[in-house]
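Structure record follows, encoded as C-alpha coordinates.
The values are calculated or read from the model by the stated rules, or taken from the named source; none is laboratory data. Remember, predicted model here, so these are calculated numbers, not experimental data. With ideal geometry, Cβ positions are generated from the backbone for all residues, glycine too; neighbour counts draw on all protein chains shown.
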Amino acid sequence: MRPLLACLSFFYLCPCLWSNDALVLARAFFGPPEKLQSVNSIYYDGKIMNPSGEGSGTFRLYIKKPFFQRMEIHVGDIITVTAVNGSEGYRQQVHKSTGKGRLGILHPAQVEKIIVNTVENLYFLKGFEMRNGRISFQGKADFKGKACYKLKFFYRDDLFYERYVELETGKILSTRDERGITVYQRGEIFSGGIRFSRSVESYKEGKHLNTIHFKKILINSPMKDEIFDFPMN
(Lines give C-alpha, C1' and ligand atoms only; values in the text may rest on other atoms or scores of the structure.)
Protein backbone atom coordinates (compact mmCIF):
# COMPACT_ATOMS: atom_id res chain seq x y z
CA MET A 1 0.00 0.00 0.00
CA ARG A 2 2.85 2.38 0.79
CA PRO A 3 4.36 2.23 -2.73
CA LEU A 4 0.93 2.96 -4.23
CA LEU A 5 0.46 6.03 -2.03
CA ALA A 6 3.93 7.23 -2.91
CA CYS A 7 3.15 6.79 -6.58
CA LEU A 8 -0.15 8.65 -6.29
CA SER A 9 1.57 11.47 -4.45
CA PHE A 10 4.14 11.73 -7.20
CA PHE A 11 1.52 12.10 -9.91
CA TYR A 12 -0.44 14.57 -7.80
CA LEU A 13 2.62 16.78 -7.32
CA CYS A 14 3.79 16.73 -10.91
CA PRO A 15 1.57 19.61 -12.16
CA CYS A 16 2.80 21.78 -9.27
CA LEU A 17 6.41 20.93 -10.08
CA TRP A 18 5.95 21.67 -13.77
CA SER A 19 4.19 24.91 -12.91
CA ASN A 20 7.11 25.96 -10.73
CA ASP A 21 9.60 24.94 -13.45
CA ALA A 22 7.74 27.07 -15.98
CA LEU A 23 7.65 30.03 -13.60
CA VAL A 24 11.36 29.78 -12.84
CA LEU A 25 12.11 29.49 -16.55
CA ALA A 26 10.02 32.54 -17.45
CA ARG A 27 11.51 34.67 -14.67
CA ALA A 28 15.04 33.67 -15.66
CA PHE A 29 14.34 34.99 -19.17
CA PHE A 30 13.68 38.45 -17.69
CA GLY A 31 16.91 38.45 -15.69
CA PRO A 32 18.74 37.37 -12.51
CA PRO A 33 16.57 37.06 -9.36
CA GLU A 34 18.47 39.82 -7.57
CA LYS A 35 17.80 42.22 -10.44
CA LEU A 36 14.08 41.40 -10.51
CA GLN A 37 13.78 41.75 -6.75
CA SER A 38 15.46 45.17 -6.78
CA VAL A 39 12.76 46.71 -8.99
CA ASN A 40 10.54 49.22 -7.20
CA SER A 41 9.21 51.14 -10.19
CA ILE A 42 9.15 50.98 -13.99
CA TYR A 43 8.53 53.78 -16.49
CA TYR A 44 7.55 52.99 -20.09
CA ASP A 45 7.63 55.53 -22.90
CA GLY A 46 6.28 54.35 -26.22
CA LYS A 47 4.49 55.06 -29.45
CA ILE A 48 1.11 53.60 -30.40
CA MET A 49 0.99 52.24 -33.93
CA ASN A 50 -2.23 51.41 -35.77
CA PRO A 51 -2.59 48.11 -37.72
CA SER A 52 -1.23 49.73 -40.88
CA GLY A 53 1.99 50.55 -39.04
CA GLU A 54 1.40 54.30 -38.84
CA GLY A 55 1.85 56.24 -35.60
CA SER A 56 -1.46 57.13 -33.96
CA GLY A 57 -0.41 58.34 -30.51
CA THR A 58 1.96 58.25 -27.57
CA PHE A 59 1.94 55.98 -24.53
CA ARG A 60 3.42 56.50 -21.07
CA LEU A 61 3.09 54.11 -18.16
CA TYR A 62 4.22 54.62 -14.58
CA ILE A 63 4.05 51.67 -12.17
CA LYS A 64 5.33 51.58 -8.62
CA LYS A 65 5.29 49.08 -5.76
CA PRO A 66 3.13 47.91 -4.26
CA PHE A 67 -0.02 48.77 -6.31
CA PHE A 68 0.37 52.13 -8.08
CA GLN A 69 -0.23 52.68 -11.78
CA ARG A 70 -0.69 55.69 -14.05
CA MET A 71 -1.20 55.35 -17.82
CA GLU A 72 -1.21 58.32 -20.20
CA ILE A 73 -2.40 57.95 -23.79
CA HIS A 74 -2.26 60.91 -26.18
CA VAL A 75 -4.11 60.46 -29.47
CA GLY A 76 -4.88 63.50 -31.59
CA ASP A 77 -6.22 66.28 -29.40
CA ILE A 78 -7.26 63.99 -26.53
CA ILE A 79 -5.14 62.98 -23.55
CA THR A 80 -6.51 60.09 -21.49
CA VAL A 81 -5.11 59.45 -18.02
CA THR A 82 -6.03 56.31 -16.06
CA ALA A 83 -4.58 55.99 -12.57
CA VAL A 84 -4.89 53.84 -9.46
CA ASN A 85 -3.35 54.78 -6.10
CA GLY A 86 -3.57 51.32 -4.58
CA SER A 87 -7.18 51.42 -3.45
CA GLU A 88 -9.17 53.63 -5.85
CA GLY A 89 -8.78 55.03 -9.31
CA TYR A 90 -10.02 57.41 -11.98
CA ARG A 91 -10.04 58.03 -15.73
CA GLN A 92 -9.77 61.55 -17.09
CA GLN A 93 -10.03 62.73 -20.69
CA VAL A 94 -8.89 66.23 -21.61
CA HIS A 95 -8.93 68.10 -24.92
CA LYS A 96 -5.46 69.58 -25.18
CA SER A 97 -6.61 72.51 -27.32
CA THR A 98 -9.29 73.72 -24.90
CA GLY A 99 -8.28 72.22 -21.57
CA LYS A 100 -11.82 70.92 -21.15
CA GLY A 101 -12.62 67.33 -20.33
CA ARG A 102 -14.32 64.88 -18.04
CA LEU A 103 -13.37 62.87 -14.99
CA GLY A 104 -14.80 59.50 -13.95
CA ILE A 105 -14.29 57.21 -10.96
CA LEU A 106 -13.27 53.64 -11.77
CA HIS A 107 -15.44 50.72 -10.64
CA PRO A 108 -13.79 48.45 -8.01
CA ALA A 109 -13.50 45.67 -10.61
CA GLN A 110 -11.62 48.04 -12.93
CA VAL A 111 -9.33 49.08 -10.08
CA GLU A 112 -8.57 45.44 -9.26
CA LYS A 113 -7.78 44.68 -12.92
CA ILE A 114 -5.24 47.50 -13.00
CA ILE A 115 -3.73 46.49 -9.65
CA VAL A 116 -3.32 42.89 -10.84
CA ASN A 117 -1.67 44.14 -14.04
CA THR A 118 0.67 46.27 -11.92
CA VAL A 119 1.59 43.36 -9.65
CA GLU A 120 2.31 41.07 -12.60
CA ASN A 121 4.64 43.60 -14.17
CA LEU A 122 6.50 44.76 -11.06
CA TYR A 123 6.93 41.34 -9.47
CA PHE A 124 7.66 39.51 -12.74
CA LEU A 125 4.93 36.84 -12.47
CA LYS A 126 5.56 36.18 -8.78
CA GLY A 127 3.22 38.61 -7.04
CA PHE A 128 -0.05 36.75 -7.74
CA GLU A 129 -0.39 35.58 -4.13
CA MET A 130 -0.59 39.22 -3.03
CA ARG A 131 -4.01 39.40 -4.74
CA ASN A 132 -5.19 35.90 -3.80
CA GLY A 133 -4.16 34.55 -7.18
CA ARG A 134 -3.07 31.06 -8.16
CA ILE A 135 -1.39 29.33 -11.09
CA SER A 136 -2.93 26.45 -13.00
CA PHE A 137 -0.55 24.31 -15.06
CA GLN A 138 -2.37 23.54 -18.33
CA GLY A 139 0.23 21.10 -19.64
CA LYS A 140 2.72 21.31 -22.47
CA ALA A 141 1.50 22.61 -25.78
CA ASP A 142 2.63 23.60 -29.25
CA PHE A 143 2.38 27.31 -30.00
CA LYS A 144 3.03 28.21 -33.62
CA GLY A 145 5.53 25.39 -33.96
CA LYS A 146 7.30 25.98 -30.65
CA ALA A 147 7.12 23.68 -27.61
CA CYS A 148 5.72 25.55 -24.61
CA TYR A 149 4.41 25.33 -21.09
CA LYS A 150 0.84 26.60 -20.87
CA LEU A 151 0.04 28.46 -17.64
CA LYS A 152 -3.09 30.19 -16.42
CA PHE A 153 -2.86 32.84 -13.71
CA PHE A 154 -6.24 33.07 -11.95
CA TYR A 155 -7.27 36.01 -9.77
CA ARG A 156 -11.03 35.55 -10.11
CA ASP A 157 -13.17 33.50 -12.46
CA ASP A 158 -13.51 36.63 -14.59
CA LEU A 159 -9.92 37.84 -14.21
CA PHE A 160 -7.07 35.73 -15.54
CA TYR A 161 -4.04 35.62 -17.85
CA GLU A 162 -3.24 32.59 -19.99
CA ARG A 163 0.37 32.35 -21.12
CA TYR A 164 2.54 30.24 -23.39
CA VAL A 165 6.14 29.98 -22.10
CA GLU A 166 8.67 28.66 -24.60
CA LEU A 167 10.50 25.60 -23.24
CA GLU A 168 13.75 26.42 -25.03
CA THR A 169 14.16 30.03 -23.83
CA GLY A 170 11.55 30.81 -21.17
CA LYS A 171 10.18 33.66 -23.29
CA ILE A 172 6.47 34.39 -22.91
CA LEU A 173 5.24 34.09 -26.48
CA SER A 174 1.67 35.20 -25.87
CA THR A 175 -0.70 36.33 -23.13
CA ARG A 176 -4.50 36.14 -23.37
CA ASP A 177 -6.81 37.70 -20.80
CA GLU A 178 -10.47 37.22 -19.84
CA ARG A 179 -11.59 39.77 -22.44
CA GLY A 180 -10.19 37.61 -25.22
CA ILE A 181 -7.36 40.04 -25.97
CA THR A 182 -4.12 38.32 -26.93
CA VAL A 183 -0.79 40.13 -26.65
CA TYR A 184 2.37 39.04 -28.48
CA GLN A 185 5.84 40.20 -27.43
CA ARG A 186 8.30 41.25 -30.13
CA GLY A 187 11.98 42.09 -29.95
CA GLU A 188 14.05 43.00 -26.90
CA ILE A 189 15.08 46.08 -24.96
CA PHE A 190 17.29 45.96 -21.85
CA SER A 191 17.06 48.23 -18.82
CA GLY A 192 18.79 47.79 -15.46
CA GLY A 193 20.01 44.36 -16.52
CA ILE A 194 16.44 43.16 -17.19
CA ARG A 195 15.06 42.02 -20.54
CA PHE A 196 11.79 43.57 -21.77
CA SER A 197 9.86 43.33 -25.03
CA ARG A 198 10.68 46.02 -27.58
CA SER A 199 7.04 46.07 -28.66
CA VAL A 200 3.70 44.44 -27.84
CA GLU A 201 0.98 43.64 -30.36
CA SER A 202 -2.65 43.29 -29.29
CA TYR A 203 -5.26 41.18 -31.09
CA LYS A 204 -8.87 40.19 -30.51
CA GLU A 205 -10.61 37.43 -32.47
CA GLY A 206 -7.73 37.53 -34.95
CA LYS A 207 -8.06 41.28 -35.54
CA HIS A 208 -4.98 43.42 -34.97
CA LEU A 209 -5.93 46.21 -32.57
CA ASN A 210 -2.67 48.10 -32.14
CA THR A 211 1.04 47.87 -31.39
CA ILE A 212 2.97 49.75 -28.73
CA HIS A 213 6.62 50.27 -29.61
CA PHE A 214 8.73 51.22 -26.60
CA LYS A 215 11.32 53.93 -27.08
CA LYS A 216 12.47 53.91 -23.48
CA ILE A 217 12.04 51.81 -20.31
CA LEU A 218 13.50 53.05 -17.03
CA ILE A 219 13.96 50.99 -13.87
CA ASN A 220 13.53 52.65 -10.45
CA SER A 221 12.95 56.09 -11.90
CA PRO A 222 11.77 58.39 -9.04
CA MET A 223 7.97 58.64 -8.83
CA LYS A 224 6.02 60.63 -6.27
CA ASP A 225 2.88 58.96 -4.91
CA GLU A 226 0.94 62.13 -5.77
CA ILE A 227 0.99 61.39 -9.51
CA PHE A 228 -1.32 58.41 -8.88
CA ASP A 229 -3.89 60.36 -6.84
CA PHE A 230 -7.07 62.03 -8.10
CA PRO A 231 -6.41 65.37 -9.85
CA MET A 232 -7.01 68.49 -7.78
CA ASN A 233 -8.96 70.23 -10.55
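Tell me whether region 209-219 contains one or more residues that are within 27 Å of ASN85 (Cα to Cα), among the aliphatic types (A, V, I, L, M) and outside any strand (DSSP E or B).
Within region 209-219 (the criterion being within 27 Å of ASN85 (Cα to Cα), among the aliphatic types (A, V, I, L, M) and outside any strand (DSSP E or B)), the answer is no, since none of the residues qualifies.
Checking ASN121 against (1) of a type outside the set (Phe, Trp, Tyr); (2) farther than 30 Å from MET232 by Cβ; (3) buried (at least 17 other Cβ atoms within 10 Å of the Cβ); (4) at pLDDT below 95, which test does it fail?
In the conditions (1) of a type outside the set (Phe, Trp, Tyr); (2) farther than 30 Å from MET232 by Cβ; (3) buried (at least 17 other Cβ atoms within 10 Å of the Cβ); (4) at pLDDT below 95, ASN121 misses (2) alone.
So if I check each of GLU178, GLU112, which one is over 25 Å from VAL39 (Cβ atoms) and surrounded by fewer than 20 Cβ atoms within 10 Å (Cβ to Cβ)?
GLU178
Could we say that LYS171 is more than 28 Å from ILE227 (Cβ to Cβ) and either surrounded by fewer than 19 Cβ atoms within 10 Å (Cβ to Cβ) or touching a residue at least 24 places away in the same chain (Cβ under 8 Å) (or both) here?
Yes.
Can you pull out every residue in region 102-120 that is within 15 Å of GLY86 (Cβ to Cβ) and not aliphatic (A, V, I, L, M)?
Result: PRO108, GLN110, GLU112, LYS113, ASN117, THR118.
Test GLY76 against the criterion of being among the small types (Gly, Ala, Ser) and modelled with pLDDT of 95 or more, and give yes or no.
So GLY76 does not fit the description; no.
Restricting to region 18-66, name every residue that is within 15 Å of ASN220 (Cβ to Cβ), under 15 Å from the mean Cα position of the chain (by Cα) and basic (Lys, Arg).
Answer for region 18-66, where residues must be within 15 Å of ASN220 (Cβ to Cβ), under 15 Å from the mean Cα position of the chain (by Cα) and basic (Lys, Arg): LYS64, LYS65.
Any residue at all in region 179-193 that is part of a strand (DSSP E or B) and without any contact (Cβ under 8 Å) to a residue 12 or more places away in the chain?
Yes, some residue in region 179-193 is part of a strand (DSSP E or B) and without any contact (Cβ under 8 Å) to a residue 12 or more places away in the chain.
Kindly check whether there is at least one residue in region 127-143 that is more than 16 Å from ASP229 (Cα to Cα), free of Cβ contacts under 8 Å to residues at least 12 places away in the same chain and part of a loop (DSSP other than H, G, I, E, B).
Within region 127-143 (the criterion being more than 16 Å from ASP229 (Cα to Cα), free of Cβ contacts under 8 Å to residues at least 12 places away in the same chain and part of a loop (DSSP other than H, G, I, E, B)), the answer is yes, since at least one residue qualifies.
Among the residues in region 225-233, are any closer than 21 Å to LYS65 by Cα and touching a Gly at 6+ places or on another chain (Cβ under 7 Å)?
Checked against the condition, which is being closer than 21 Å to LYS65 by Cα and touching a Gly at 6+ places or on another chain (Cβ under 7 Å), region 225-233 yields no hits at all.
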